[in-house]
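The values are calculated or read from the model by the stated rules, or taken from the named source; none is laboratory data. Since the structure is predicted, the reported quantities are computational estimates derived from the model, not experimental observations. So basically every Cβ, Gly included, is an ideal-geometry build from the backbone, and we count neighbours across all protein chains shown.
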Protein chains: 2
Amino acid sequence: MTDSIYDSSKFKRKALQVSVAQSMISQYINAGDIETVRLQESHGRTLAQEISAPHPYPHFRRSGMDGYAIRSADTDGCNSDQPIWLEVIDEIPCGKVSDKIIISGTASRIMTGAQVPEGADAVVMFEMTEVREEKGKSIVGLKRSIEVGKNITPIGLELQAGELILSPGIKISAGEISVLATFGIHHVAVYRRPRVAIFSTGSELLSVEEPLQPGKIRNSNTWMLASQVIEAGGEPVILDAIMDDLSLAREKVEYALNQYDMVVTSGGVSVGDYDIMGDLVRGDSVEMLYNKVAMRPGSVTTAAVKEGKLLFALSGNPGACFVGCELFVRPSIRGMMGDQNPYLPEWSGTLGADYPKINSFTRYVRAKVEIRDGVIYAIPKGVDESGVMITIKDSDCLIVVPPAQEGLKSGAKVRMLMLK
Amino acid sequence: MTDSIYDSSKFKRKALQVSVAQSMISQYINAGDIETVRLQESHGRTLAQEISAPHPYPHFRRSGMDGYAIRSADTDGCNSDQPIWLEVIDEIPCGKVSDKIIISGTASRIMTGAQVPEGADAVVMFEMTEVREEKGKSIVGLKRSIEVGKNITPIGLELQAGELILSPGIKISAGEISVLATFGIHHVAVYRRPRVAIFSTGSELLSVEEPLQPGKIRNSNTWMLASQVIEAGGEPVILDAIMDDLSLAREKVEYALNQYDMVVTSGGVSVGDYDIMGDLVRGDSVEMLYNKVAMRPGSVTTAAVKEGKLLFALSGNPGACFVGCELFVRPSIRGMMGDQNPYLPEWSGTLGADYPKINSFTRYVRAKVEIRDGVIYAIPKGVDESGVMITIKDSDCLIVVPPAQEGLKSGAKVRMLMLK
């Protein structure tokens, strides 16, 4: 009597290409709730409103120099033999609006950034002038003709009123905050950070506080995933790990899907005897989207949906868990915040060392970027078994190695997904 | 009578090269206070302790497959005509330590990640076996010889006990957190975020809440700087802007230097009539380090020190303010957190468009990186006057254009400082 160890439903999995799995997921992603935060709290958040310029910028004719506001025509034909002299009728510091109109024969002393007075059409810098006191009046001498518009930043040089400046879905950083402040947007609409529940499964897991025990390991994936979720813009909610028990898992998943925006688990998706997340997803408590992806590490990466909320059941192997999160969880979080480019940025580069391993699935190899004379190299980080945890910290990209009969030689052109 | 408009002390400034100014600053930077945070709060913080492996990793012989733990010698010479049959004496899920020693003729069913039992020296995957029930016992058949060590991850493959894993000064992200959790480090020593007081000076400044007024602009630099300080790892403390009043500035600087770890101001460092920060730094309330740097934008960038604390007085022009913060404030903050590489990462690349502007000072041109077929291009972002605020958000690097008699042509090799 021969016993097929394999329950066929466990093993006859259909492997989807990564891009197919990603696009399947994307159908369940909608930009989420919006909240309003103060400008000083907006750094790192994702913009949820369109920003158009409410006024031109600059909104007044701005002096680009410390100098004198003059009429260009007054300087026509003047030179060092025949300087012209103008009466200084005002001093204009930044923020002051002069009520003295510049007419022929007059000038106003003006500071960088101040509003150019009416009548003036040029600013001549201090260094090109000479000042005298004559009959109790201050006069300024020029020895060169100055063209119209010199040292004046015209209204709307940078932006016209109504111009679109920022679109929803962008991450707010220094440059965006500068724009928001300039236009008086002191409260900003941002996407609420999706709350992502995370837990690990596995009877071998110890908590990070527990002393080591034979045959057991500490639960590190939960913490790693939490960090990846923060980096993507989400808010991780860490739940306790559970042992390999299907009914416990079902209860936990139902609770988490009910309470939070997304659920990510690690472990229990292989084809072994205790793969409770695999069993759960094949059951009827959630709708399975896929349970095999044509990728290494992490071919067992699984996704399901329930009432519009996504459940990602990632591999328990640290390397596979990391990659699964970057390829599927990250874009889901970014997509829930309206990001139009939610996937890892893709670069092209040159392989910096031989990569002999071959595979029938696309392999995502942890690697380090090196720039040599303006050319991008990707250096694979040694061993790359899915279980290898230590190289995750040393990697800033994933090399995409397509399935092939032969390994890749140093110098080969490769695609890279950027992690940092 | 000729009036020299320029007070010589204002104008006879000695311009330092950027690297000289940076190294002058670095003498006042010491790694700061350390605090302990919980692992889940350590993301994005800067590690302040050295982490060596307290135990090897993995710390037990780990099965790399779902299969059977066997003695390799038992399989010598077996093949499909002459299979060998072993008695299955135990089942070993993850986390369980089997007390059944594998002796010749026996095997134990084992799951991926579980501890390989004593006596076994190989694991054969399920797919290569056949299982039968015979006389109430379960036996497993093999048709191929299995080499010693097959599918067993040896103790310490990734790390030996005592190996250095993480050094102080690194930013903690997913890979580092994975390591910390694995080794049971649930409380982490990190550098306290330096508290950086920020304020702007200028009588033309409106608060971000105020309606626009003729000749005035909203204070955007304070908010932009706060964002840059957060990005660098510091904690910004936003103080109200002040009008152009020297005694007010002196009071504010003294208060801020007393209360916080560093002070950054924007505005008031030009050579005009109201450049109060320039006047302040030339006075005796602080010790001036430099008040001119051979760079554009931001040649007026100024630094001073008082009782070991740094004051940076940056230009009020948004572009110059941004660059000054990245070149001087950022590395100071990073240095106070023990970062051994506190400066912006430098790349080499190819200029993607002509850059005709020439200058006697090194110019830091805001630009966007483009990767074309594995080669890095830097595309300058249009107008690059120091006052131009709008292109900051569109830039992810600064092209370093050295002083030269001619502009740069598209295709020129350039250095780039990476912003994102």
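Figure legend. Inter-residue proximity from the range A:216-228: first residues under 15 Å from A:Met262 (Cα atoms), second residues aliphatic (A, V, I, L, M) and part of a strand (DSSP E or B), beta-carbon distance below 6 Å, spacing 6+ or different chains. Indicated pairs: A:Thr222/A:Ile198; A:Thr222/A:Ile238; A:Leu225/A:Ile198; A:Leu225/A:Val264; A:Ala226/A:Ile198; A:Ala226/A:Ile238.
For the range A:95-103, the criterion of being over 47 Å from the mean Cα position of the chain (by Cα), outside the structural domain of A:Ala161 (by TED's automatic domain parsing) and not aliphatic (A, V, I, L, M) is satisfied by at least one residue. Would you confirm, using the coordinates I've provided, whether A:Val263 is β-branched (Val, Ile, Thr), farther than 23 Å from A:Ser220 by Cα and touching a strand residue (DSSP E or B) at 6+ places or on another chain (Cβ under 7 Å)? No, not satisfied. Among the criteria (1) among the charged types (D, E, K, R); (2) within 14 Å of another protein chain (Cβ to nearest Cβ); (3) touching a residue at least 12 places away in the same chain (Cβ under 8 Å), the one A:Glu87 does not fulfil is (2). Residues that are free of Cβ contacts under 8 Å to residues at least 24 places away in the same chain, facing chain A (nearest Cβ under 9 Å) and under 24 Å from the mean Cα position of the chain (by Cα) within the range B:341-381 comprise B:Ile371, B:Gly374, listed in sequence order. Scanning the range A:118-138 for residues that are within 19 Å of A:Phe60 (Cβ to Cβ) and not in a strand (DSSP E or B) yields A:Glu118, A:Gly119, A:Ala120, A:Asp121. If you filter the range A:345-356 down to residues that are touching a Lys or Arg at 6+ places or on another chain (Cβ under 7 Å) and surrounded by 15 or more Cβ atoms within 10 Å (Cβ to Cβ), you find that the one that is farthest from B:Ile376 (Cα to Cα) is A:Thr350.
I'd like to check something: does the range A:283-294 contain any residue that is among the β-branched types (Val, Ile, Thr) and not in a strand (DSSP E or B)? Checking the range A:283-294: at least one residue is among the β-branched types (Val, Ile, Thr) and not in a strand (DSSP E or B). Out of A:His55, A:His59, I need the residue that is within 14 Å of chain B (Cβ to nearest Cβ), at pLDDT 95 or above, surrounded by 18 or more Cβ atoms within 10 Å (Cβ to Cβ) and not in a helix (DSSP H, G or I). Which one? After ruling out the rest, the residue left standing is A:His59.
Taking the stated definitions as given, is B:Val286 in contact with a helix residue (DSSP H, G or I) (Cβ under 6 Å, 6 or more places away or on another chain) and away from chain A (no Cβ under 14 Å)?
Working: in contact with a helix residue (DSSP H, G or I) (Cβ under 6 Å, 6 or more places away or on another chain): no; away from chain A (no Cβ under 14 Å): yes.
No, not satisfied.
Looking only at residues of the range A:24-52 that are hydroxyl-bearing (Ser, Thr, Tyr) and assigned to a loop (DSSP other than H, G, I, E, B), we find that the one that is farthest from the other protein chains (Cβ to nearest Cβ) is A:Tyr28. Among the residues of the range A:204-254, those identified as assigned to a loop (DSSP other than H, G, I, E, B), more than 8 Å from chain B (Cβ to nearest Cβ) and small (Gly, Ala, Ser) are A:Ser207, A:Gly233, A:Gly234, A:Ala241. The single condition from (1) more than 22 Å from B:Leu212 (Cα to Cα); (2) facing chain B (nearest Cβ under 10 Å); (3) surrounded by 18 or more Cβ atoms within 10 Å (Cβ to Cβ) that A:Val179 fails is (1).
Restricting A:Ile139, A:Ile146, A:Ile170, A:Ile155 to residues that are of a type in the set (Val, Ile, Thr) and out of contact with any strand residue (DSSP E or B) (no Cβ under 6 Å at 6 or more places or on another chain) narrows the list to A:Ile155. Considering only residues in the range A:141-164 that are surrounded by 14 or more Cβ atoms within 10 Å (Cβ to Cβ) and touching a Lys or Arg at 6+ places or on another chain (Cβ under 8 Å), the one that is nearest to the other protein chains (Cβ to nearest Cβ) turns out to be A:Thr153. Please state which of the following conditions A:Ser410 fails to meet, knowing it meets all the rest: (1) facing another protein chain (nearest Cβ under 8 Å); (2) part of a loop (DSSP other than H, G, I, E, B); (3) modelled with pLDDT of 95 or more. Result: A:Ser410 passes all but (1).
Among residues that are in contact with a Leu (Cβ under 8 Å, 6 or more places away or on another chain), closer than 28 Å to A:Asp66 by Cβ, more than 7 Å from chain A (Cβ to nearest Cβ) and buried (at least 18 other Cβ atoms within 10 Å of the Cβ), B:Thr201 is not included. With respect to (1) surrounded by fewer than 20 Cβ atoms within 10 Å (Cβ to Cβ); (2) of a type in the set (Phe, Trp, Tyr); (3) under 26 Å from the mean Cα position of the chain (by Cα), the lone exception for A:Tyr290 is condition (3). Taking the criterion of being surrounded by fewer than 19 Cβ atoms within 10 Å (Cβ to Cβ) and touching a residue at least 12 places away in the same chain (Cβ under 8 Å), would at least one residue in the range B:332-340 satisfy it? Yes, the range B:332-340 contains at least one residue that is surrounded by fewer than 19 Cβ atoms within 10 Å (Cβ to Cβ) and touching a residue at least 12 places away in the same chain (Cβ under 8 Å).
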